[in-house]
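What follows draws every value from the coordinates through simple rules; no lab data is involved. Bear in mind the structure is a predicted one, so any value in this text is a computation, not a measurement. For neighbour counting, all protein chains shown are included, and Cβ atoms are generated from backbone atoms with ideal geometry for every residue, glycine included.
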Amino acid sequence: MSKLSSITVHGRFQPPLHINHWEYVWQGFELAEHVTILITNPFQDESFEVTASWRNSQASNPFSYDERVFMFKEFFKHKNISPAQYTLRPFNIKDDAAFAELDRLAPNLVNVYSEWSAKKVSLFESQGLKVIRLNQPKFSAVSGTSIRELIQNTKDASLLPELLINAGFMQEAIPGLLKILSRRSV
């Protein structure tokens, strides 16, 4: 089977990239020559979503859009993924105008594992966009909340990489995260 020319994946990626994020994004690379990664809640101003109330809390959104983009780029360098293979874009999934800017020919890969992710399928389809449903199970032991708490609460920075990897954070994502954290502490 030949690859699609392009596909989109999307997520808050707060922070990128734990194993569940990577498994999802990797599916995009497996299916298409080019992956557009839509970073949702890019400027932390998306409207409230009852099926995903955590999406808007400050604690759930510690990284800016630019920081998330930087971490993705650093991660892809460590994974030897060329910048020609991907595009990173902000995407307010709660704004109809944002859907109008999407490539109508590129399917949207949506991993369906919760009420909110099932609702996202409807959001894309209601905008006339093609959806490829991915029913990929999450690694239940991996939690974005736990990873964010480790980042916030680990006082000894030398311990952080091992703790994060043990929590399901991708090893190749550590350098970008550490660069962001060191910039913040200056």
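Note on the range 90-146: Kirkwood hydrodynamic radius from all Cα pairs is 12.5 Å, rounded to one decimal. Relative contact order of the range 4-185: 27 percent, from C-alpha pairs under 8 Å at least 6 residues apart in sequence.
Here the range 1-156 is assigned +1 on the Cβ of each Lys and Arg and -1 on the Cβ of each Asp and Glu. Its dipole about the Cα centre then comes out at about 280 debye. The GNM of the chain, with springs linking C-alpha atoms under 10 angstrom apart, assigns the highest mean-square fluctuation among Asp96, Asp66, Asp156 to Asp156. Only helices enter the 222 nm calculation for the chain: every DSSP H run of n ≥ 4 contributes -39,500 (n - 2.57), and dividing by all residues gives -11500 deg cm²/dmol, rounded to 500. Normalised by the number of residues in the range 58-139, the mean separation of alpha-carbon contacts (under 8 Å, six or more apart) gives a relative contact order of 23 percent. Note that the range 4-185 shows a convex hull volume over its alpha carbon atoms of 111 Å³ per residue. How big, in percent, is the set of alpha carbon pairs in the range 126-185 lying more than 12 Å apart? Cα-Cα pairs in the range 126-185 separated by more than 12 Å: 73 percent. Derived scalar couplings between HN and Hα for the range 9-23 equal 10, 8, x, 6, 6, 10, x, x, 9, 8, 4, 5, 4, 5, 4 Hz in order, rounded to whole Hz, by the Karplus curve 6.51 cos²θ - 1.76 cosθ + 1.60 (θ = phi - 60°), x for Gly and Pro. Evaluated over the chain, the count of Lys pairs having alpha-carbon atoms less than 18 Å apart is 12 (only pairs 8 or more residues apart or interchain). Amide H contacts for Glu33 (H built 1.01 Å from N in the peptide plane; partners 5 or more residues away or on another chain; cut-off under 5 Å): Leu4, Ser5, Ser6. Once you reduce the range 95-115 and the range 15-51 to the center of their Cα atoms, the two points are 11 Å from each other.
For the chain, the residue among Phe48, Gln58, Ser2 whose Cα projects farthest onto the positive side of the dipole built from Cβ charges is Ser2.
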